[in-house]
Amino acid sequence: MKKYDNLVTNAAGRIVPTIINGEEHVPFMGVGKYKPTGRKHAPSIASCADYPADGNKLVPDLKEALILAGIRDGITISTHHHFRDGDLIANQIFDIAHELGIKNLRWFPSASFSCHKQLIKYLEDGTINRIEGSMNGPLGRFCSEGKMQGIGILRSHGGRYQAVQDGEVKIDIAVIAAPTADAFGNANGVNGPAACGSLGFALADSQYADKVIVVTDNLVPFPCIPWQIHGNFVDYTVVVDQVGLPEKIVSGTTQVTRSPDRLLLAEMTARLCEEAGLIHDGFSYQAGAGGTALSIGIYFSEILKRNNWKARFIRAGSNKYPVAMLEEGLVDYILDGQTFDLEGVRSMRDNPGHVSTSPFTSYNYHGKGNFAGMVDVVILGATEVDVHFNANVVTHSDGYLLHGIGGWQNCLFGKTVILPIPLFRDRIPVILDEVTTICGPGDLIDVIVTERGIAINPKRTDLFEKLKGSKLPIKTIQELKAEAEAICGKPDKPRLGDEIVAAIKWVDGTVIDVVRRVLD
Amino acid sequence: MIATAGNKGKDVRSDCQVSLEIRQEGGRELVLESKVERLYGRQIRAQIHAILDFFDLEHVSLHLDDSGAVPLVIAARIEAAIRKLIKTDKEFLPEQLPQNMQVTLRDRHRFSRLYLPGNSPKLMLNAGIHYPDGIILDLEDSVAPDRKFEAAFLVRNALRAIDFYGAERMVRINQVPAGLNDIEFVAPHGLNLILVPKVEEAGQIHQVNEKIEAVRKEKGFKQPIWLMPIIESALGVVNAYAIASAAPNVVALAVGLEDYTADIGARRTNEAWESFYARSSVVNAARAAGIQPIDSVFSDVDDMEALANNVKISKSLGFDGMGCIHPRQIAVIHENFAPNPAEIDKAKKIVLAFEDAGKKGLGVVSLGSKMIDPPVVKRALKTIQLAVGRGLLDHDWMVNEQQ
């Protein structure tokens with residue numbers, strides 16, 4: 001079997017395969033153009049008569065659970081990434097698979113982290129054929145160098161739900177590590193020593209996988225409340241000593257930035273939003289957990305206070321900063337997809353205004369709408385942007401795949417999408433003629449804020465109108481690019497091979513771009 | 001002998017380290033380790049060869065460990081290493097940006113001046129985006145003694161090739177007489193102002209000016225170079241007026257309190273009574289000489305409230321500006337040195353009354369039932385001038401006001 005085949009040029013102008021890992025894929029057709037028909041995928045019919053009447057689905061260990069769930073060559077095993085770099089379960093799954101001599105697995109995590117780098121040996125020996133999911137750090141590097149046996153596929157959080165729901169990816173076994181669970185399989189992330197807040201990324205897995213295993217280190221008597229994951233979807237439950245390392249679950253990056261340059265970016269972004277009238281009573285915004293985004297949130301709350309306004313909701317990645325806004329009454333709701341610190345966990349557990357969401361409610365392409373499009377201001381990052389406002393979040397300019405898509409693509413549907421990014425990092429300019437990898441089409445990206453000037457997408461004539469007479473340094477994106485090149489020099493194109501190592505999906509499941517092998 | 005210049009390591013960014021050995025034969029042996037190799041490796045190698053060509057070095061072993069340095073930094077590091085090994089007057093200069101040939105006016109606002117350690121390229125690149133009134137490339141206390149040689153090349157290149165977005169470009173040289181050598185490096189490259197540290201007598205200012213003129217004659221540059229002596233000792237305070245009036249290009253007199261308090265045997269406190277006399281003396285001496293009095297830096301970079309209070313006290317003592325050591329201090333300093341809305345309002349009323357009296361041919365200016373003395377008018381005019389200069393008041397405010 002060829003790893004990929006049938007190359008075509010898609011609507012973003014990128015050459016992509018339509019056969020990947022032996023399966024058919026649709027090339028990107030443009031935003032909102034691809035609408036598959038037919039019925040959604042469904043797991044096989046279960047009957048409660050087949051399950052213990054007393055509700056006790058406990059099995060002695062993960063190995064037995066995997067064997068009972070039918071682990072075998074070539075199947076798909078999914079995990080979630082709510083434990084981030086503190087995950088202790090995913091590695092064990094593949095240790096067991098290796099021990100059992102199983103080959104050719106597809107690992108379908110919602111994201112992978114550096115803690116999973118020990119899986120490289122299983123990627124090398126063929127236990128794992130490929131990762132379909134965000135690859136951060138060492139795994140991304142491994143994939144970039146063409147060492148993975150299959151082709152990696154990266155999807156957004158929403159795209160992962162879409163792929164599960166329309167049957168593009170059929171999960172054979174979902175392993176859901178849970179900070180708290182009961183023997184029936186009800187589970188949540190808000191209690192227990194490895195509390196991580198939401199378990200939203202595992203929702204699709206619980207609903208659609210053929211077999212579902214819940215693994216916990218904090219077993220409680222039925223009922224486990226809240227039941228973010230319903231035991232009715234669960235086949236087996238397993239108790240282990242520890243599911244995750246709390247200090248690594250709580251991410252160290254969720255601090256407001258102290259860098260004066262990043263604070264300046266945050267300040268300029270907030271000023272732009274205020275001057276353009278994007279902030280108002282009842283407005284909503286999404287800001288990630290990066291230092292700059294958090295600082296923007298603080299400026300937003302100052303603007304709200306000054307005007308005696310209240311935001312309706314914050315779409316989060318939550319931590320102590322939006323929680324403080326919720327508790328100060330500056331916002332009615334936090335709609336939370338992943339929880340970054342213990343303050344976020346506490347708030348989600350105790351505050352009815354802090355709501356756990358999943359990619360289904362916020363991002364899913366096959367829902368009858370989702371709320372991503374209702375968010376007034378969306379603050380996102382990027383590794384690169386090009387003069388057409390296309391942006392990249394997965395590869396660096398040297399060609400290496402080092403980050404996942406996360407909810408980034410899904411958030412692009414917000415009303416005004418702003419990317420605050422430094423004009424250059426070390427010597428590497430961020431604005432290019434053409435991004436290395438297109439993750440988001442320029443049509444959906446409205447403003448680039450850099451420390452040396454702000455570029456507004458020419459399509460947003462309304463923003464130009466509102467910012468007439470503003471003292472903000474509004475420039476064209478070409479001017480910004482020239483400014484960076486005057487300082488850094490124009491970078492050479494990195495040497496990349498023709499060989500494709502990973503595909504990037506758009507939110508609708510079409511292939512928007514590929515990642516090519518990095519040459520030494 | 002192997003010469004090195006620059007920095008490397010896990011936390012180093014925008015810098016590089018060069019190790020260089022000059023040999024008798026064997027051609028050029030280059031080793032480049034760069035985190036931007038894939039994007040800039042070819043260009044960096046070409047730059048290395050261009051510099052070696054310039055200095056006629058055919059046989060060398062050169063190791064460059066690069067953490068994303070921009071070309072002007074790479075050039076400064078390589079040149080420093082070369083000139084540690086060979087004696088030459090040749091200088092490998094980066095192209096001078098047109099905006100870095102701009103001269104500054106002697107009376108421009110000097111509310112804030114941002115200190116930048118002279119051997120830290122990372123902090124220099126983005127200094128201008130925070131819009132301080134001035135930037136100081138520091139060759140004195142922030143540079144370790146064994147790094148002063150290489151820092152001079154970096155500062156020279158920064159003066160030529162980094163855009164500081166309109167900030168006045170200053171260099172703090174080392175204490176005279178050692179600092180006189182620094183002048184050779186920096187004066188011909190579009191420098192606007194020299195901070196002369198630890199000045200105790202007017203003679204030191206004369207020495208600096210003699211050196212500037214000597215370099216001017218030799219290198220043939222035209223732009224004026226202003227001086228800002230820093231008073232940092234008891235003797236300096238006593239001689240403050242003589243120093244302030246030592247030469248026509250002395251445009252400001254600054255006080256440095258860290259060294260001053262040590263010199264008088266006191267400890268620096270938040271209340272700052274120990275330096276009250278020094279600060280007041282500096283203000284008085286500067287005003288007597290018709291130049292700007294400039295306050296010391298405030299060192300707690302996390303406490304913006306305390307900084308704001310400090311600036312208010314500084315302004316109330318008569319200072320026209322102060323130093324800063326962190327970009328976040330700039331906005332606070334500007335906001336608190338600039339006239340506040342109430343001050344601007346009052347000044348507008350006084351100036352309008354003054355204009356009105358002039359039109360009516362009245363000798364006395366009055367506002368309501370109150371007579372206004374000429375010094376009050378003068379101060380109001382200064383406030384208005386400041387407000388317009390800082391963009392807080394429209395240029396033609398008077399026209400708008402009278403309509």
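The values are calculated or read from the model by the stated rules, or taken from the named source; none is laboratory data. This structure is a prediction, so every number in the text was calculated from the model and none was measured. For neighbour counting, all protein chains shown are included, and Cβ atoms are generated from backbone atoms with ideal geometry for every residue, glycine included.
Tell me, which residue of the range B:258-287 that is small (Gly, Ala, Ser), in contact with a helix residue (DSSP H, G or I) (Cβ under 7 Å, 6 or more places away or on another chain) and without any contact (Cβ under 8 Å) to a residue 24 or more places away in the chain is nearest to B:VAL238 (Cα to Cα)?
Taking the candidates together, the pick is B:SER275.
Take the residues in the range B:119-145 that are in contact with a Pro (Cβ under 7 Å, 6 or more places away or on another chain) and over 30 Å from B:GLY391 (Cα atoms), then tell me which one is nearest to the other protein chains (Cβ to nearest Cβ).
The qualifying residue nearest to the other protein chains (Cβ to nearest Cβ) is B:SER142.
Which of the following residues is at pLDDT below 95 and either under 20 Å from A:ARG160 (Cβ atoms) or buried (at least 16 other Cβ atoms within 10 Å of the Cβ) (or both): A:GLY55, A:GLY38?
Among A:GLY55, A:GLY38, only A:GLY38 is at pLDDT below 95 and either under 20 Å from A:ARG160 (Cβ atoms) or buried (at least 16 other Cβ atoms within 10 Å of the Cβ) (or both).
Quick check on the range B:42-51. Is at least one of its residues modelled with pLDDT under 95 and not β-branched (Val, Ile, Thr)?
no
Considering the range B:259-296 alone, what residues qualify as being within 22 Å of B:ALA308 (Cβ to Cβ) and within 18 Å of the chain's Cα centre (by Cα)?
B:GLN292, B:PRO293, B:ILE294, B:ASP295, B:SER296 - these are the residues of the range B:259-296 that are within 22 Å of B:ALA308 (Cβ to Cβ) and within 18 Å of the chain's Cα centre (by Cα).
So for the range A:456-471 (the condition being under 26 Å from the mean Cα position of the chain (by Cα), away from chain B (no Cβ under 14 Å) and free of Cβ contacts under 8 Å to residues at least 40 places away in the same chain), does at least one residue qualify?
Just the residues of the range A:456-471 that are under 26 Å from the mean Cα position of the chain (by Cα), to begin with: A:456-457.
Filter once more, so that each one left must be away from chain B (no Cβ under 14 Å): A:456-457.
Still in the running and free of Cβ contacts under 8 Å to residues at least 40 places away in the same chain: A:456.
Yes, the range A:456-471 contains a residue that is under 26 Å from the mean Cα position of the chain (by Cα), away from chain B (no Cβ under 14 Å) and free of Cβ contacts under 8 Å to residues at least 40 places away in the same chain.
Would you confirm, using the coordinates I've provided, whether A:THR395 is of a type in the set (Val, Ile, Thr) and either touching a residue at least 24 places away in the same chain (Cβ under 8 Å) or closer than 20 Å to A:VAL518 by Cα (or both)? Step through it out loud before you land on a result.
Numbers: of a type in the set (Val, Ile, Thr): yes; either touching a residue at least 24 places away in the same chain (Cβ under 8 Å) or closer than 20 Å to A:VAL518 by Cα (or both): yes.
For A:THR395, the condition - of a type in the set (Val, Ile, Thr) and either touching a residue at least 24 places away in the same chain (Cβ under 8 Å) or closer than 20 Å to A:VAL518 by Cα (or both) - is met.
Here are A:LYS368, A:LYS481: which of them is part of a helix (DSSP H, G or I) and not small (Gly, Ala, Ser)?
From the options A:LYS368, A:LYS481, the qualifying one is A:LYS481.
Which condition from (1) more than 26 Å from A:GLY337 (Cα to Cα); (2) within 14 Å of chain B (Cβ to nearest Cβ) is the one that A:VAL387 breaks?
Only one criterion in (1) more than 26 Å from A:GLY337 (Cα to Cα); (2) within 14 Å of chain B (Cβ to nearest Cβ) is unmet by A:VAL387, namely (2).
Checking B:SER299 against (1) more than 20 Å from B:LEU195 (Cα to Cα); (2) at pLDDT below 95, which single condition isn't satisfied?
The number of the failed condition is (1).
State which residue pairs qualify: first residue at pLDDT below 95 and inside the range A:108-121, second residue of a type in the set (A, V, I, L, M) and part of a strand (DSSP E or B) in any location, beta carbons under 9 Å apart, and separation of 6 or more residues or different chains.
As it stands, the answer is A:ALA111/A:MET135; A:SER112/A:ILE131; A:SER112/A:MET135, since those pairs meet every condition given.
Restricting to the range B:359-389, what's the tally of residues that are surrounded by 16 or more Cβ atoms within 10 Å (Cβ to Cβ) and in contact (Cβ under 8 Å) with a residue 24 or more places away in the chain?
The number of residues fulfilling the criteria is 7.
Yes/no matrix, rows are residues, columns are (1) in contact with a helix residue (DSSP H, G or I) (Cβ under 6 Å, 6 or more places away or on another chain); (2) closer than 20 Å to A:ARG84 by Cα; (3) surrounded by fewer than 17 Cβ atoms within 10 Å (Cβ to Cβ):
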| position | (1), (2), (3) |
| --- | --- |
| A:PHE340 | no, yes, no |
| A:GLU343 | yes, yes, no |
| A:PRO352 | no, no, yes |
| A:THR361 | no, no, no |
| A:GLY373 | no, no, yes |
| A:GLY381 | no, yes, yes |
| A:ASP386 | no, no, no |
| A:ALA391 | no, no, no |
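Among the residues in the range A:127-146, are any in contact (Cβ under 8 Å) with a residue 40 or more places away in the chain, touching a Phe, Trp or Tyr at 6+ places or on another chain (Cβ under 9 Å) and among the β-branched types (Val, Ile, Thr)?
Checked against the condition, which is being in contact (Cβ under 8 Å) with a residue 40 or more places away in the chain, touching a Phe, Trp or Tyr at 6+ places or on another chain (Cβ under 9 Å) and among the β-branched types (Val, Ile, Thr), the range A:127-146 yields no hits at all.
Restricting attention to the range B:146-172, report how many residues are aliphatic (A, V, I, L, M) and either surrounded by fewer than 24 Cβ atoms within 10 Å (Cβ to Cβ) or within 14 Å of chain A (Cβ to nearest Cβ) (or both).
4
Test A:GLU274 against the stated conditions and say whether it is more than 30 Å from A:LYS475 (Cβ to Cβ), of a type outside the set (S, T, N, Q) and modelled with pLDDT of 95 or more.
Here the answer is no, as A:GLU274 does not meet what is asked.
Counting just the residues of the range A:239-287 that are acidic (Asp, Glu) and over 15 Å from A:TYR299 (Cβ atoms), which one comes out farthest from the other protein chains (Cβ to nearest Cβ)?
In this case the residue turns out to be A:ASP241.
Mind listing whichever residues of the range A:480-498 are touching a residue at least 12 places away in the same chain (Cβ under 8 Å) and loosely packed, with under 15 Cβ neighbours inside 10 Å?
Answer for the range A:480-498, where residues must be touching a residue at least 12 places away in the same chain (Cβ under 8 Å) and loosely packed, with under 15 Cβ neighbours inside 10 Å: A:ARG495, A:GLY497, A:ASP498.
Can you tell me which residues in the range B:311-332 are buried (at least 18 other Cβ atoms within 10 Å of the Cβ), more than 14 Å from chain A (Cβ to nearest Cβ) and touching a strand residue (DSSP E or B) at 6+ places or on another chain (Cβ under 8 Å)?
B:VAL311, B:SER314, B:PHE319, B:ASP320, B:GLY321, B:MET322, B:GLY323
Just to confirm my filter: which helices (runs of 4 or more DSSP H) fall fully inside the range A:257-344 and include at least 1 residues that are farther than 26 Å from A:THR361 by Cα?
Per the criteria, A:260-275, A:291-307.
Go through (1) assigned to a helix (DSSP H, G or I); (2) of a type outside the set (A, V, I, L, M); (3) under 22 Å from B:SER120 (Cβ atoms) one by one and return the number of the condition B:ARG45 breaks.
Result: B:ARG45 passes all but (3).
Just give me the residues in the range A:499-518 being in a strand (DSSP E or B), more than 10 Å from chain B (Cβ to nearest Cβ), crowded, with 17+ Cβ neighbours inside 10 Å and not small (Gly, Ala, Ser), in sequence order.
Passing the criteria: A:ILE500, A:VAL501, A:ILE504, A:LYS505, A:VAL511, A:ILE512, A:ASP513, A:VAL514, A:VAL515, A:ARG516, A:ARG517.
Would you mind finding the one in B:ARG38, B:ARG23, B:ARG13 that is within 14 Å of chain A (Cβ to nearest Cβ) and surrounded by fewer than 21 Cβ atoms within 10 Å (Cβ to Cβ)? Break it down stepwise before answering.
Values: B:ARG38 fails: surrounded by fewer than 21 Cβ atoms within 10 Å (Cβ to Cβ); B:ARG23 fails: within 14 Å of chain A (Cβ to nearest Cβ).
The conditions single out B:ARG13.
Mind counting the residues in the range B:289-306 that are surrounded by 23 or more Cβ atoms within 10 Å (Cβ to Cβ) and either within 14 Å of chain A (Cβ to nearest Cβ) or charged (D, E, K, R) (or both)?
Matching residues across the range B:289-306 total 1.
Need at least 2 residues that are touching a helix residue (DSSP H, G or I) at 6+ places or on another chain (Cβ under 7 Å) per element, so show me which strands (runs of 3 or more DSSP E) inside the range A:78-157 make the cut, counting only ones lying wholly within it.
Ranges flagged: A:105-109, A:128-131.
Could you look through the range A:240-261, keep only residues that are aliphatic (A, V, I, L, M) and touching an Asp or Glu at 6+ places or on another chain (Cβ under 7 Å), and pick out the one that is modelled with the lowest pLDDT?
Per the criteria, the residue is A:VAL250.
If you check B:LEU125, B:LEU191, B:LEU180, which single one turns out to be farther than 24 Å from B:PHE221 by Cα and crowded, with 18+ Cβ neighbours inside 10 Å?
Matching residue, one of B:LEU125, B:LEU191, B:LEU180: B:LEU125.
Looking only at the range A:240-247, decide whether some residue is crowded, with 19+ Cβ neighbours inside 10 Å and farther than 22 Å from A:GLY337 by Cβ.
no
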